[in-house]
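Before anything else, here's the structure in question.
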């Protein structure tokens, strides 16, 4: 009985392991767009990220982006590797509970120049999902706001501001920059002006007051 | 409409409208509206209690450094008599470069009138200047108001001076103010405090004030409280009540009330992934900054997860988009106008990378979008879909 079980179970188990490994290594058909030399390197990075429990879809997308833009294999592999590193750093900063979307946004913010410390502080001060604050941070830097100024502004708002407030803040910065304000000054002013009531003349009404 | 709520509605609208994060159409102005429908029991000082039904439409326009709010209230009492009130208020903020950092100036104008049962009517027109000092989580202001008000007779001058402080922690804002008002030969001082808190779908507002040193405007302590519960994108319930003082400026009579009702909001503006349609993008085929070529991208999400992608491109034969929502496979857009190309694509909520290609040239980030170096020698546009 025992021997028969061993004779049956062990090969079955081995087959399952092999099948599982093969499935894990199954090539994402989308990556067949990469050339033969580039594909294995990207696959290795994707597999490594999977083992580290990092989201792999952003890595695949980055490789596909490079392929579409006809970048060389070396450039594609380097870009995917940088993104994997940024995703890892984002998870270090944001914690193991961070969602894939948060990690992607965090990686973008890190790539823009934000520090892991800033990301960790954001996680500390804000209980809600960080996708919007991180995206605002990356967007500000992309608009020319110095990293330190952008990080200080987003951190100061993140504790109390909702996603809608942050987007409005971003919009105010954009507006002031368009009006000629230096990006850093526009960011500081918009961060503080967030708390100024918009319409002084209409402050007193309460819904339902007859 | 309560102004804090109005501002919040505007912000919420901007969330949907801002996409690069979360792109917004370049003119940067938004209009939002609400209609409050409610029932109340009210007792004005010197009058008998009465039930009333109310209808309060409000419209807020917010533009670059300015905002205008207009609202009206129609009240119908048990007796069949009716009251009409209307108010238009506008604020203009100084640009950030005009004053030192942390200081903002505000000029506001307010005009309104009310009419009760064809025999009592009031109007007022005032202007207020405020100087705000704002720091992280706290601020202060000092201001002065001047204008005219009328109770159906000759207009009387209005002058008000005031100071205020506020502190915000997490979702709670506490404010205090002191004002001294002169309306004709009436003079009075108000010391007041307010608190606003929000949690999830609930918002709570309460106020407590005392009228002191009054000559002709009454004395006493007044308090009001109200809460709003958001039901959906366009609907909310509100309950409020309390006692408020006579306002010699607007002509409202002191009273106590309890109200409940439904707030209907206008639909949120659709997001448009445009920041500045006037910025030239790169030339299509040549791949450099040619003159006369302008592309811009709009993304209009649909509730079913699809999105209408529109590219405006001058002098183009073919227009393609590619992004992480197409697995970076180029998608050729269909021409729907002289300079308009579009397609409907599945774009899930989130932050996406996107490029546009004109006539088979280089992949470029459309003008006006947030953009970043793409690590492949070019730029990529960033679009966030709410």
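What follows is calculated from the coordinates using simple rules that are stated; it is not laboratory data. Because the structure is a prediction, the values reported are computed rather than measured. Heads up, the Cβs are rebuilt from the backbone with ideal geometry, glycines too, and the neighbour counts pull from every protein chain shown.
To the nearest whole number, what is the average tally of beta carbon atoms from other chains within 10 Å of the beta carbons of peptide B:373-379?
The mean count of partner-chain Cβ atoms within 10 Å per residue comes to 6.
Considering every residue in A:56-64, what mean count of other chain Cβ atoms within 10 Å of its Cβ is obtained? Mind dumping the intermediate values first?
Values: counts 0, 1, 2, 0, 3, 7, 6, 1, 6.
Taking all residues of A:56-64 together, the mean is 3.
While we're here: How big is the Kirkwood radius of region B:119-244, worked out from every pair of different alpha carbons and given in Å to one decimal?
Numbers: mean 1/r = 0.0597 Å⁻¹.
Computed over region B:119-244, the radius equals 16.8 Å.
Exposure proxy check: B:94, B:336 ranked by fewest other beta carbons within 10 Å? Mind showing how you got there, number by number?
On the way: B:94 15, B:336 11.
Going from sparsest to densest Cβ surroundings: B:336, B:94.
Could you rank the peptides A:40-51, A:155-166 by their average count of other C-beta atoms within 10 Å per residue, with the highest value first?
Going from most to least packed, we get A:155-166, A:40-51.
Could you tell me which of rounded, prolate or oblate describes region A:64-134, using a ≥ b ≥ c as the square roots of the eigenvalues of the alpha-carbon gyration tensor, with rounded for a/c under 1.5 and, failing that, prolate when a/b is larger than b/c and oblate otherwise?
prolate
Just to verify a number: FRET efficiency for residue B:117 and residue B:161, C-beta to C-beta distance, R0 = 35 Å, to 0.05?
With a Förster radius of 35 Å, E is 0.50.
So how do A:131-144, B:214-227, A:64-77 stack up, highest first, on mean other-Cβ count within 10 Å?
The peptides rank, most packed first, as A:131-144, A:64-77, B:214-227.
Ok, one more. Give the shape of region B:344-386 as rounded, prolate or oblate, defined through the alpha-carbon gyration tensor: a ≥ b ≥ c are the square roots of its eigenvalues, a/c under 1.5 means rounded, and otherwise the shape is prolate if a/b is larger than b/c and oblate if not.
Oblate, since a/c reaches 1.5 and b/c is not below a/b.
Please report, in cubic angstrom per residue, the volume enclosed by the convex hull of the alpha-carbon atoms of region B:295-385.
87
Within 10 Å of each Cβ of B:183-193, how many other protein chain Cβ atoms are there on average? Walk me through the numbers before you get to the answer.
Numbers: counts 0, 0, 0, 0, 0, 0, 0, 0, 0, 0, 0.
The mean count of partner-chain Cβ atoms within 10 Å per residue comes to 0.
When ranked by the protection proxy of mean other Cβ atoms within 10 Å per residue, highest first, what sequence do the peptides B:245-252, B:74-81, B:258-265 form?
Peptide ranking by packing, descending: B:245-252, B:258-265, B:74-81.
So how far apart, in nm, are the two label points at residue B:94 and residue B:66 if each is 7 Å from Cα heading toward Cβ?
1.8
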